[in-house]
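Asker: What follows is a single structure, and I will ask about it in a moment.
The values are calculated or read from the model by the stated rules, or taken from the named source; none is laboratory data. All values derive from a computational prediction rather than experimental measurement. Note: ideal-geometry Cβ built from the backbone for every residue, glycine included; neighbour counts use all protein chains shown. For the accessible areas, the whole protein counts, side chains as well, though only heavy atoms, and no ligand, DNA or RNA atoms are used. Shrake-Rupley method; radii C 1.70, N 1.55, O 1.52, S 1.80 Å.
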Amino acid sequence: MRLLLIEDDDRIAGPLTEGLGRYGFTVDHVRTGTAGLADTTAAPDLVLLDLGLPDMDGLDVCRSLRARSAVPIIMITARGEEADRIVGLELGADDYLAKPFGVRELIARIRAVTRRAGAPAYAPSGPTQAPEAQQTASGAQALGPLGISRRTREVHLDGRQIALTPREFDLLAYLAEEPGTVYSRQQIMDTVWDPHFFGPTKTLDAHVAALRRKLGDPAWITTTRGVGFRLTVPGDPVAFEAAG
């Protein structure tokens, strides 16, 4: 996955480029907004954009990028005020990460943003996908009778389309990334909602309950008390063994 990093501070850009490289990313680094807008070496899969650039405001760079491309944009900046976040998001940024931050957190944000944008989410080294998760000929993910198409954002169960809200789909698709894996409540809130979400955490429980109801069987999403939730296939002996 190719990233374009627009960051003028080499003390940040150097370690960031090296760290992302260890996880398999290709990072092209430029130091000014002008250079970032002029970069035509190859279309990046995602842009990491600093706001405090020496030649122009990063918000203007974001506006220009969004006017000509749908490339996902994550702002990385020392500006942590809510007003800056709101302006950046309204201009078309997909996420906002305040300095200082760790490479792991940035990778989690990259995965979340690319997933929401409909691109294949980058997965660093880690657990492999559960054996019951397969890809259909159309590219949709198949979990027993459940089909999830991230490209069309459609869900089918036993051949019948299930109507989900955008947030319900995002939640189901996230849990389906690694079926059987327990995702903590905080992981889910940070990825499916927003790291800066300040609403009641009961909203997650409400969406899980809605998904269980629409899928027709609460066993699709199991609760690990005190931790979070995981997606399982009802009646699948592997899933039940893991749940036990």
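Asker: Does ASP95 satisfy the condition of being open to solvent by less than 80 Å² (accessible area, probe 1.4 Å), at pLDDT 75 or above and not hydrophobic (A, V, I, L, M, F, W, C)?
Answerer: Yes: the conditions hold for ASP95.
Asker: Tell me, which residue of the range 178-205 that is aromatic (Phe, Trp, Tyr) and at pLDDT below 80 is farthest from ILE148 (Cα to Cα)?
Answerer: PHE198
Asker: Only one residue in ALA173, ALA210 is within 25 Å of PHE101 (Cβ to Cβ), touching a residue at least 24 places away in the same chain (Cβ under 8 Å) and open to solvent by less than 70 Å² (accessible area, probe 1.4 Å). Which one?
Answerer: ALA173
Asker: Sort out which residues of the range 18-60 are over 20 Å from the mean Cα position of the chain (by Cα), under 23 Å from GLU105 (Cα atoms) and surrounded by 15 or more Cβ atoms within 10 Å (Cβ to Cβ), and write them in order of number.
Answerer: Matches in the range 18-60: ASP28, HIS29, VAL30, ARG31, LEU51, LEU53, GLY58, LEU59.
Asker: Moving on to the next point. Filter the range 67-91 for residues that are closer than 22 Å to HIS29 by Cβ and not hydrophobic (A, V, I, L, M, F, W, C); which is modelled with the lowest pLDDT?
Answerer: ARG79
Asker: For the range 61-77, give me each residue that is open to solvent by 10 Å² or more (accessible area, probe 1.4 Å) and either under 23 Å from PRO100 (Cα atoms) or in contact with a Phe, Trp or Tyr (Cβ under 7 Å, 6 or more places away or on another chain) (or both).
Answerer: PRO72
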